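Novice: Once you've had a glance at the structure underneath, I'll fire off some questions.
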Amino acid sequence: MPQVLPTPTDTALLPTQKLDATAPAVSVCIANWNCVGLLRRCLESLFHHDQGVPFEVVVVDNASSDGAAEMVAAEFPQVALVRNAENRGFSIANNQAATLARGRYLFFLNNDTVVPPNTLRQFLDFAEANPSVGMVGPRLRGSDGAFQISYRRRPTLAALLHRVSLLRWTGLFRRAYYEYRRDSFDPNGVRPVEVLMGAAVFLPRAVFEDSGRWDEQYRFGGEDIDLSTQVGQRRPLVYVGSVEVVHYGRVSSRKNIGFAAPNVAIGYVRYFRKAGASPAALAVYKTLVTVDAPVQCVMKMVQGAVRYATGRRAKATKSWLAARGLWHFMRHELVRFWKA
């Protein structure tokens, strides 16, 4: 039986939306860019396993160059496919998918996931048993079987400053960082949370529309924090540990590191500005990140060389990918970072 949460005091009715009576209960919305193998595996998990509920899938492809859109058209003709002429970013693609979706509930799903049987049924049962809940997120498990951080607190500037190598050694912001990243996470149970990971979030269409949809100023990174914040202003966000999704995690971002790394940094700035950080605080943060980028780039290059020399070639590749992302950020995205 789905667990029922206490009804909050604020239960203001959301605007109603007329839907097609023949529409599926759930619309799965997937934004994709250059991950043909992962996307195929994700779609197979949805269509080859009984999900226990009528659903549809909408894929918006951001001008992939690896044949992902062609694969969807050929192998999954039941999918509603949108082909963008350029990479329009994660938020815009998700909004495009939501516009085409017909379901009462929207399930925004990363392309690097595998959805076990009956997952959509579990989400739907929980949502209908808890109509006051705004957004629901599952437990995320990596392909190695380990639990991944599936919810967090909202970030603070202090927490993010701990990631600046010039400050990390001082320990000045360590407590704030670990409270944000890890201290609050328990993979079991059902609980209200502040931020759900954007890899897999399930919510009523009316809540999504009422919360302003995905903010299209975010291209990649920070948009899940923003959506969680907007939904959470009116309704609770709930983590449900009994529902699980496999998440390969960072495979897509590492594959497209030159795009992902700078946009994550820019996304955090946009979030802090929107959350009310002062111009002075943001200027300090931007200065520290800018000065720190070449330091971290060199450190990652050296780390990669040491790992390679000691036979840890997979980890060396990760270090060099991080350095590549930092190099791209310094060469091409600093102006956009400072304008954010």
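Novice: Which one, 282, 309, 265, is farthest towards the positive end of the dipole of segment 224-315 when Lys and Arg carry +1 and Asp and Glu -1 on their Cβ?
Specialist: 309
Novice: With a sphere of radius 14 Å drawn around the Cβ of residue 141, what net charge do the other residues whose Cβ falls strictly inside it have (Lys, Arg +1; Asp, Glu -1)?
Specialist: Once positives and negatives cancel, what remains is -2.
Novice: Along the Cα→Cβ direction, 7 angstrom out, place labels at residue 332 and residue 175. What is the inter-label distance in nm?
Specialist: 4.1
Novice: Right, something else. As an exercise, use a Förster radius of 45 Å and the Cβ-Cβ distance of residue 102 and residue 284 to find the FRET efficiency, rounded to the nearest 0.05. Please report the intermediate quantities before stating the final value.
Specialist: On the way: r = 47 Å, r/R0 = 1.04.
Once the sixth-power term is evaluated, E becomes 0.45.
Novice: Quick check on segment 278-339: take the gyration tensor over C-alpha atoms, sort the square-rooted eigenvalues as a ≥ b ≥ c, and tell me if it's rounded (a/c under 1.5), prolate or oblate.
Specialist: Prolate.
Novice: Next question. Using +1 on the beta carbon of Lys and Arg, -1 on that of Asp and Glu, and nothing else charged, what's the dipole of segment 278-339 about the Cα centre, debye to 20?
Specialist: So the magnitude is around 320 debye.
Novice: Treating only the Cβ atoms of Lys and Arg (+1) and Asp and Glu (-1) as charged, compute the dipole magnitude of the chain about its Cα centre; round to the nearest 20 debye. Could you put the intermediate results ahead of the total?
Specialist: Working: 42 positive and 28 negative charges, 319 e Å.
Result for the chain is approximately 1540 debye, rounded to the nearest 20.
Novice: Springs between alpha-carbon atoms under 10 Å, Gaussian network over the chain: tell me which of 329, 147, 55 tops the mean-square fluctuations.
Specialist: Comparing 329, 147, 55 in the GNM, the peak value goes to 147.
Novice: Based solely on C-alpha atoms, express the radius of gyration and the Dmax of the chain in angstrom.
Specialist: So, for the chain, Rg and Dmax equal 20.2, 62 Å respectively.
Novice: Identify all aspartates and glutamates with a Cα-Cα distance to residue 286 below 14 Å; exclude those on the same chain that are fewer than 8 residues away in sequence.
Specialist: Counting by Cα, and skipping residues close in sequence, residue 286 has these aspartates and glutamates nearby: 333.
Novice: Taking H placed 1.01 Å from N in the peptide plane, check which residues at least 5 places from residue 214 or on another chain put their amide H under 5 Å from its amide H.
Specialist: none
Novice: Please go through segment 26-130 and write out the GluC sites (Glu not before Pro) that DSSP classes as loop and that have at most 13 other C-beta atoms within 10 Å.
Specialist: 86
Novice: Between residue 144 and residue 65, how high is the FRET efficiency from 1/(1 + (r/R0)^6) when r is the Cβ-Cβ distance and R₀ = 30 Å? Nearest 0.05.
Specialist: So the FRET efficiency works out to roughly 0.55.
Novice: Next question, about the same structure. Can you tell me which aspartates and glutamates have their Cα less than 12 Å from the Cα of residue 274? Leave out same-chain residues fewer than eight positions away.
Specialist: Counting by Cα, and skipping residues close in sequence, residue 274 has these aspartates and glutamates nearby: 215, 223, 226.
Novice: May I ask for the Kirkwood hydrodynamic radius of segment 173-242, worked out over all distinct Cα pairs and given in angstroms to one decimal?
Specialist: 13.3
Novice: Summing -39500 (n - 2.57) over the DSSP H runs of n ≥ 4 in the chain and dividing by its residue number, what mean residue ellipticity at 222 nm do you reach, to the nearest 500 deg cm²/dmol?
Specialist: Theoretical 222 nm ellipticity from helices: -13000 deg cm²/dmol.
Novice: Once all Cα-Cα distances of segment 208-340 are split into 10 Å bins that start at 0, what whole-number percent is in each one?
Specialist: Reading the bins upward from 0: 11, 31, 32, 20, 5, 0.
Each reported figure results from applying straightforward, stated rules to the coordinates on display, with no laboratory input. Since this is a predicted model, take the numbers as computed values, not measurements. As a convention, Cβ positions derive from the backbone with ideal geometry for all residues, glycine included, and neighbour counts pool all protein chains shown.
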